[in-house]
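Notes follow the structure.
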Amino acid sequence: MAWISLISLNWVTAVVKEKGRLSGLSKEAWEDALWVSGANLEAGKLWILLTATLDHAGVPHLVNNMLHLAFVGPELEKVTGPTGLWLLFFASGLAGWLTTLAVTRWR
């Protein structure tokens, strides 16, 4: 049930982000730590290619994505297997972020 673990990991990330915000961590500090940007990649922060996939632009965005994962995830996992679903999840996120970088001209 990889799809359940992916949903859980996304929610844990959202809770950690919110706790950081409540404790004074600025939006900019969060983005600097976890978002894909040209500056972050040039600084060697390659982990953001994975962590950015777990960050969302708010609760509606997170809920929408997790509902889709809950509906589609079980069927995809039957086809890809648990490891395949994890790889597909992060590869899709990476493709989205790299597309964003290309469109925003590496900002």
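Among the residues of the stretch 1-53, those that are farther than 22 Å from residue 99 by Cβ and among the aliphatic types (A, V, I, L, M) comprise 1, 2, 4, 7, 9, 12, 14, 15, 16, 22, 25, 29.
Consider residue 88 carefully, then state whether it is open to solvent by 50 Å² or more (accessible area, probe 1.4 Å) and touching a residue at least 12 places away in the same chain (Cβ under 8 Å). Yes, satisfied. Of all residue pairs spaced 6 or more apart or on separate chains, those with beta-carbon atoms under 8 Å, a first member in the stretch 46-57 that is open to solvent by 20 Å² or more (accessible area, probe 1.4 Å) and a second member that is part of a loop (DSSP other than H, G, I, E, B) are 49/36.
Considering the stretch 1-80, the qualifying helices (runs of 4 or more DSSP H), each wholly inside and each with 1 or more residues that are over 13 Å from the mean Cα position of the chain (by Cα), run over 2-22, 27-34, 38-42. Out of curiosity, is residue 103 of a type in the set (Val, Ile, Thr), open to solvent by 70 Å² or more (accessible area, probe 1.4 Å) and within 17 Å of residue 1 (Cβ to Cβ)? Considered against the rule, which asks whether it is of a type in the set (Val, Ile, Thr), open to solvent by 70 Å² or more (accessible area, probe 1.4 Å) and within 17 Å of residue 1 (Cβ to Cβ), residue 103 comes out as no.
The values are calculated or read from the model by the stated rules, or taken from the named source; none is laboratory data. Source: prediction; values computed, not measured. All Cβ positions, glycine included, derive from the backbone under ideal geometry; neighbour counts span all protein chains shown. Heads up: the accessible areas ignore ligands, DNA and RNA and are worked out on the full protein's heavy atoms, side chains in. Shrake-Rupley method; radii C 1.70, N 1.55, O 1.52, S 1.80 Å.
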